[in-house]
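Take a look at the structure below.
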């Protein structure tokens, strides 16, 4: 674990976010020099300014908010299960949200209804996974994880069915959206509100999350209402996931990798972990989307492809690091 103080890490992450946002707005199929970038930033009415203010800045802002939403959701899921493998993608929340949003697209519903459909899908997935995993017996994180994996597979099968029976002219767009795509994403105010509101609630409940991460029995002994707390965590994680899916489709690995890396920097205290994950998750997805736009420019890749290509080796390195860590006697 790094020895830097939490304040130093948070300041460094703020600088990283600023650098990633500048890089995202400067690079693309039409790159900007520092002088032309500044001119475009200060002259919105120019041709360069139109490109910057109408396309790149909204897309970079959407990428930052979606990355932050997924990172915080991953933090909550890992507290819920006390398992580093937990994230919205693995537990089926992302799949349920994506299926319902895809159905709204297939049925030609108004775009304004997509966030509500995504939230409905996330909540349905929560009820299925939480209800089947808990049953009438004691709480089991392992059972919840296995139920979530199976449920995610079921959502994936239903998504394949929707794609197979959908119209051919919209198939490519649906596939890109399912892989996570920010090409047409904009930054809705409600998504920012969801992020800020949930983070504020989490910060107010940071002590409870720290206690719950030590185990449900310990939390009860210390006076926490674990039943309400667990449902609250699951609902907030589902709300965050639904908001992210509504804006950019299904993007994997952000909620899995970012909390791991942030814990190496600041530890497991959620008073520091959550804001650090918010910043790093946003910066990670902004950088991934910049790569998606530029690596084979002028063509663009779905950002979910880049997060998977970055996330898989990072996760394997983390697993190898945990395996090589000496065990306490």
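Would you mind listing the helices (runs of 4 or more DSSP H) fully within segment 201-251 where at least 1 residues are within 30 Å of residue 304 (Cα to Cα)?
Result: 206-212, 226-248.
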Checklist outcome for this item: In the set 311, 252, the lone residue that is farther than 23 Å from residue 117 by Cβ, at pLDDT below 85 and under 13 Å from the mean Cα position of the chain (by Cα) is 311
Checklist entry - Quick one: is residue 28 in a loop (DSSP other than H, G, I, E, B) and within 26 Å of the chain's Cα centre (by Cα)? => result yes
Item to check | residue 228, sole failed condition from (1) surrounded by fewer than 19 Cβ atoms within 10 Å (Cβ to Cβ); (2) touching a residue at least 12 places away in the same chain (Cβ under 8 Å) | outcome: (2)
Checklist entry - Is segment 159-177 home to any residue that is closer than 20 Å to residue 253 by Cα, surrounded by 15 or more Cβ atoms within 10 Å (Cβ to Cβ) and at pLDDT 85 or above? => result yes
Item to check | Failed item, numbered, when residue 185 is tested on (1) in contact (Cβ under 8 Å) with a residue 60 or more places away in the chain; (2) under 19 Å from the mean Cα position of the chain (by Cα); (3) assigned to a helix (DSSP H, G or I) | outcome: (3)
Checklist entry - In this structure, is residue 281 within 29 Å of residue 103 (Cβ to Cβ) and not in a helix (DSSP H, G or I)? => result no
Next on the checklist: Taking the criterion of being surrounded by fewer than 24 Cβ atoms within 10 Å (Cβ to Cβ), out of contact with any strand residue (DSSP E or B) (no Cβ under 8 Å at 6 or more places or on another chain), over 21 Å from residue 84 (Cβ atoms) and touching a residue at least 24 places away in the same chain (Cβ under 8 Å), would at least one residue in segment 304-313 satisfy it?
Outcome noted: yes
Next on the checklist: Looking only at segment 263-274, filter to residues that are over 14 Å from the mean Cα position of the chain (by Cα) and assigned to a helix (DSSP H, G or I); which one of those is farthest from residue 314 (Cα to Cα)?
Outcome noted: 271
Next on the checklist: Take the residues in segment 85-118 that are in a loop (DSSP other than H, G, I, E, B) and under 15 Å from the mean Cα position of the chain (by Cα); name whichever of them is surrounded by the fewest Cβ atoms within 10 Å (Cβ to Cβ).
Outcome noted: 85
Checklist entry - Taking the condition assigned to a helix (DSSP H, G or I), in contact with a helix residue (DSSP H, G or I) (Cβ under 7 Å, 6 or more places away or on another chain) and modelled with pLDDT under 85, does residue 49 pass? => result yes
Item to check | Any chance residue 44 is touching a helix residue (DSSP H, G or I) at 6+ places or on another chain (Cβ under 7 Å), modelled with pLDDT under 85 and loosely packed, with under 14 Cβ neighbours inside 10 Å | outcome: yes
Checklist outcome for this item: Out of (1) surrounded by fewer than 16 Cβ atoms within 10 Å (Cβ to Cβ); (2) at pLDDT below 80; (3) within 30 Å of residue 269 (Cα to Cα), the one residue 216 does not meet is (1)
Checklist entry - Quick one: which of 71, 63 is buried (at least 23 other Cβ atoms within 10 Å of the Cβ) and under 14 Å from residue 290 (Cα atoms)? => result 63
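The values are calculated or read from the model by the stated rules, or taken from the named source; none is laboratory data. Nothing here was measured: the structure is a model prediction, and the numbers come from that model. Cβ: placed from backbone, ideal geometry, glycine included. Neighbour counts: every protein chain shown.
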